[in-house]
Every structure is written in structure tokens, then in C-alpha cells.
Amino acid sequence: MIEIRLHGRGGQGAASASGMLVSAFTEEGKYTCGFPMFGFERRGAPVTTFARFSDKPITEKTMIYTPNCLVVLDSAQLSFPNVYAGFQENGILVANSNRLPESKPHENCKKLGVVDATSIAIEEIGIAAINTCILGAFAATTGWLQLDTLVNILPVYFKGKMLDTNMRSLERGYHETQIVEYE
Amino acid sequence: MDMVQNTEKVEVVSGNKSAAYGAYVCSPDVIGIYPITPQTSVVEDLTQFIADGRLDAEIVEAEGEISAMASVIGASAGGARTFSSTSSMGLFFMFDSYIMAPLYRLPIVMVNSNRELLPPNTVACSHQDIMEVIETGWIHIHVENCQEILDAIIMAYRIAEDPEILLPVDVCYDGFYLSYLREPVNIPSIEAVNNFLPTQDRPTLGGPNNVFSCIYCGADQEMAELRYRQQDAMEKSKEKLEQVEQEFAQHFGRSYGGQLEEYRMEDAEIALFCMGSHAGTARVVVDQKREQGIKVGLVKLRMFRPFPQERVLTALKNVKALGVIDRSVAFGWKGGHLYRELRSALYGHGLEIPMADYIAGLGGHDITIPLIERVVDETKGIAEGKQYQEITWLALE
């Protein structure tokens, strides 16, 4: 089983991102589930969400403590130690940031994907709803999902103009991610 | 997207949407609802179904939960199939109407997204809200995953509308852990559900052309008879759930064990006992401990009201020790509700099983794999004759 933990803030779409991951893994024939954990619904409040996928049925209903992959939607949280709690060896980090970090973000980080999702989302969608962009980066960095799969499931979540703008944001996220591999 | 659910399909949905789909495929006539976290999207999804023309139902967007329930009480009394949903403080604001539904013997089906109470300000999961209303005469069924939410709603209508039962059913699922959990759910066609759930003429108390009063109750004996019949119907609902599940399995190929599920209990020497979403986590722990050679099983309670005493006695007859996980506190009684019920159910039946109660999961406290492993390890110790603490508050350790 692969466990993915997403760190964001209310309004960025971390909860929907977890849902879109579940839709995409389902489309690719995996067992999968995901859920968010937050307090009262507030814009700007920290939000942690979770997604799991596996070749076997998943029954546990707990938060994720030993993620194989971290997706950090809120660049400020890249410097929060608790974001990396339990990060597994050979871990993959997908981050929204306008620059590559100068050093390895965490000792267990094997692969890093960085995309300036905030700028892309504002250019394409008009607001900093960055989840579709970061999912493009997720697919590019991890290789666990095909871009086409994400393209296929996006109409479940968006309609009309929002679908077009998010589709562009997704595709730019996929193509504009800078990937770094560490020894 | 199909405008009307003509074929079975698999869709990734949240627990709340699964609940909305559960209501939708049962074609309710009247829905009375009011939003509250973590249940709000049930309200949104049902309203959307109606706005899209997929569901032909009257929706009462009430000014509060007390009116939401009152609206479905009136509609149900007139013979309509009804649905409602709420959570936590909404459930208590509904209480005045909630308690009337079983007294009127109305086959209302609703869902409760299990949540903490206020204060302190929290919307997180626990079973504290639903445990405050266990003795109201509603049938309470608790579930473990999104598919089970939908399936339990379909079965709930069969039980509620059975002429031998005629009681309301509350399908209870954990807030956040299930209300917002997204997983693929098999959504049956309306035709398949219609075949399972006949649109028979429901008995009516009255209606616009048959106005009646049900306020007056004259003599003590009448009151006692009403209560006796209500209690009798609750007792019968236990066996009814077993029958309905068997039929459901024939129609849809899924089943959940009826009043409770025994998981790897065949040769179990010790057992976990719990209810709700964390039963799924307990399965993982049982599997891991079995690999280590520990003969542990899980009893997942599904029906909390009425309490399935007979099934519990059968399930536990061979275990040497029991670890109970409670997600609520029975105030004024030292443990949680499951523990209290078990002590009562086992008494006088020759099953002096030593058991320890673990209070966990309050205020969204995560019931993790290591926590459940600890419960198994300590329960194993109890079976071996070690000293143990009767009540443990896991979050305080």
C-alpha cells in the first residue's frame, strides 16, 4: 500500500485533491480511499488530507503517519518540521514553490517535484486553487498515475469554464514540474 | 451522467454522497433536512438531485432540525416514504420531533453523521451524539464504510416499513472518517432497488382527507399497551434485520453479518469488540496479530438498538478475554456505552468473560493501528491471568 499525505490551507483544494486522487486510482484499477481532516471550514486554516492506494482492499480508517509521498500545497509549510513527520525512506515530495530548495528538504527524500502552482493557478484559473496543478506535478514526479487518467476524471469535479481552466492548470503542472533526484 | 439511475454503476463518492445516493435509489417522497457539519453535503447532494430532475421528491429545507423531522413525521403519517439526515447538535435540536417518530410508529429512515458535542467547539468525530439518543425507540445501525452506508439505508427502509416493525431507523456513520471518506461505491439501479423494496401501500395514520388527533391517551392501560407493542416491535426487528440481509445478499451480492459481524472468530481465544469506522482498522490489526500466532478475532457490532444480546452471547461464548473499544462516555457510569451494554448483556448467562474497556476516538482522536495493537496485547494478558485496568482512556495515556 502506498500512503500519500497532503498539506495545504483551506481554499487551496487539498480536500478535493485527495478525492481526485481516489477517482484517478480507481480509474487505474487500484483499491483506494482518501479523506480530509480539518476543524471548522475556514479559508486559510491548515488542512491535512490523505489518500491510499493498493493492489489489495484497504480497510483501515486512520490518518496517515508514515507517508510514502508528501504533497505540500502551501509553500510556507515546507519549512514546518511536523509536515515531514514519519516520512518514509525513499520518500517522494511534491511541492508548490516558486523556487527549488538549496538543499535536500528531508533526509528521507529521494525524489522532489517542484512546481510554481500558485502562479500557474492564478494565470489559468484566476484564483490560487492549486489542486489540479499540483496533481499534474504529482503524476509527473511519482509516475504512479497517467496524466490521461487525471484528464479523464476532471469532468467529474469541474464543469464548463472551470473545467477548461483547471484542465490547463493540470497539464501545465504536469509539464512544468522540475524534478530532482537525490542520492 | 445518467439523469435517472437506470443501471448499476461504480462511482467514487464520499460517505455523505453515498448516503444521498442511498436515499435517492429508494425514491423517497418527502425529504426534510437542515445542514450541519459533517453532514451538510448530504443536504447539498439531495437538493442537487432534485434540481437536476433526477429525483422526484418534495424537499423541505426547514428552518431547523426540529422542523425538518416534524415535516417528515407529517409526511410519513400520510403514507409517504421519507428521509432525513443530521448530526450532533442538530440531532439534539431535532430531539423533540425525533422522539415522536417511534411513538407514532412511523417508518422514517434517516442518517446521523456521528460527531462530538459542544462545548468545546469541535465538529470532530465520536459516538457521543448518537449515544445520547439510544433509548428513544429508534433502531440504530452503525456502519464501517461508504458502501455499507448506502446498503444499510436500502435495508433500513425494508425493516422500517415492515408491517411487523413500523419503527424509524437511524443509519449512523462516523463523521469525517466516513462522511468525507471517498471510495468507489457500487450504486444499484432504481429498478433493482424497487424489486427489493416494494412500493407497497404503507399504512397511514391520516392525511388531508383523514384528519385525526393523536394527542389524547386516556388510561394507563392504553399507554402501557402502546409501549409494550413498541418494545415488541423493537425485539422483532433484530430477526428482521437478519432476514432482510439474506434477501439483500441475494439481490445485490453483498452482506454485512446482520446484527453483528464476526471476523476471524472461529477459533478466537480473545476478541476485540467495537462499532463504526475503526472496525476497519481493527481488521488490519487482527490480521497482523494472527500472523504472529495470536488467536484474536473481532466482533463488529452493527445494530446498537435494539441490542443484539443473543448474537453477542453466541459470538463470545468461547473467548477468554475481551477488549472493548468505546468512542463515547456513558456519563455517570464509569465506562463507555458498548462496555456498559456488554456487561449487562452477558450477566446471568454463564459468560464471566473478563473484559477491559478502552475509551478512544473522542473529539476526532485517531484510533490508530498501534493503539488497537495495544488493546490486543493487553487483552491477551488478561486471558493469561494478568492484572488489568478496567477502564483505560487511551488518549490520556
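The values are calculated or read from the model by the stated rules, or taken from the named source; none is laboratory data. Model, not experiment: these values are computed from the prediction. Positions of Cβ are backbone-derived with ideal geometry, glycine not excepted, and every protein chain shown enters the neighbour counts. Accessible surface areas use protein heavy atoms only, side chains included; no ligands, DNA or RNA. Shrake-Rupley method; radii C 1.70, N 1.55, O 1.52, S 1.80 Å.
For segment B:334-369, applying the loop criterion from DSSP together with a ceiling of 16 other beta carbons within 10 Å to the chymotrypsin sites (Phe, Trp or Tyr not before Pro) yields B:347. Expressed as a whole percent, the accessible area of the protein assembly as shown that falls on carbon and sulfur atoms is 49 (1.4 Å probe).
May I ask for the net charge around residue B:105, where only other residues with Cβ less than 14 Å from the Cβ of residue B:105 are counted and Lys, Arg are +1 while Asp, Glu are -1? Surrounding charge for residue B:105 is -1. Residue B:361 sits among other residues whose Cβ lies under 9 Å from its own Cβ, and their net charge, with Lys and Arg +1 and Asp and Glu -1, is -2. The H on the amide N of residue B:81, modeled in the peptide plane, is under 5 Å from the matching H of B:29, B:30, each at least 5 residues off or on a different chain. Burial of accessible area (probe 1.4 Å, heavy atoms of protein chains only) in segment B:251-285, relative to its chain alone, reaches at least 10 Å² for B:277, B:280, B:281, B:283, B:284. Comparing A:51, A:76, A:137 in a Gaussian network model of chain A where C-alpha atoms under 10 Å apart are linked, the largest mean-square fluctuation is found at A:76. When the accessible areas of A alone and B alone are added and the area of the pair subtracted, with a 1.4 Å probe, the result is around 2000 Å², both sides summed.
Taking the charge dipole of segment B:147-263 about its Cα centre, with +1 at Lys and Arg Cβ atoms and -1 at Asp and Glu Cβ atoms, the residue from B:194, B:156, B:255 reaching farthest to the positive side is B:194.
Structure shown: which of A:30/A:111; B:9/B:236; A:61/B:240 lie over 32 Å apart, alpha-carbon to alpha-carbon? Cα-Cα > 32 Å for B:9/B:236; rest within. Other residues with beta-carbon under 14 Å from the beta-carbon of residue B:43 carry, at +1 per Lys or Arg and -1 per Asp or Glu, a net charge of -4. Here each label is just a point 7 Å from Cα along the line to Cβ, and for residue A:151 and residue B:221 those points are 7.9 nm apart. Dividing the mean sequence gap of close Cα pairs (under 8 Å, 6+ apart) by how many residues chain B holds gives a relative contact order of 16 percent. Close Lys pairs in segment B:260-393 (alpha-carbon distance under 12 Å; sequence gap of 8 or more, or different chains): 4. Each Lys and Arg Cβ is given +1 and each Asp and Glu Cβ -1; about its Cα centre, segment A:1-157 then shows a dipole of about 320 debye. So if we plug the beta-carbon distance of residue B:331 and residue B:189 into 1/(1 + (r/R0)^6) with R0 = 45 Å, what FRET efficiency do we get, rounded to 0.05? The value I calculate is 0.50. As a rough guide to protection, the peptides B:107-115, A:12-20, B:366-374 ranked by mean Cβ packing within 10 Å, highest first, stand as B:107-115, A:12-20, B:366-374. Qualifying trypsin sites (Lys or Arg not before Pro) in segment B:332-371, where qualification requires a DSSP coil assignment and no more than 14 other C-beta atoms within 10 Å, comprise B:334. This model, with +1 at the C-beta of Lys and Arg and -1 at the C-beta of Asp and Glu, gives the protein assembly as shown a dipole about its Cα centre of some 700 debye. Per residue, the protein assembly as shown exposes an accessible area of 40 Å² to a 1.4 Å probe, with every protein chain left in place. Protection proxy ranking for B:51-63, B:122-134, B:289-301, A:55-67, using the average of other Cβ atoms within 10 Å per residue and placing the highest first: B:122-134, B:289-301, A:55-67, B:51-63. In chain A, the calculated helix contribution to ellipticity at 222 nm averages -10500 deg cm²/dmol per residue, counting -39,500 (n - 2.57) for every DSSP H run with n ≥ 4.
The distance linking segment B:337-397 with segment B:31-94 is 37 Å (Cα centroid to Cα centroid, whole angstrom).
Candidates B:328, B:285, B:307 compared by Cα position along the dipole of segment B:271-397: farthest toward the positive end lies B:307, with charges placed on Cβ. Taken about its Cα centre, segment B:260-393 carries a charge dipole of roughly 240 debye when the Cβ of each Lys and Arg holds +1 and the Cβ of each Asp and Glu holds -1.
Farthest toward the positive end of the dipole of segment A:2-181, out of A:78, A:103, A:91, is the Cα of A:78, where the dipole comes from beta carbon charges about the Cα centre. Computed over chain B, the per-residue total of -39500 (n - 2.57) for DSSP H runs of n ≥ 4 gives a 222 nm mean residue ellipticity of -12000 deg cm²/dmol, rounded to 500. Shielding value for A:11-23 is 2, the average number of Cβ atoms from other chains within 10 Å of each residue's Cβ.
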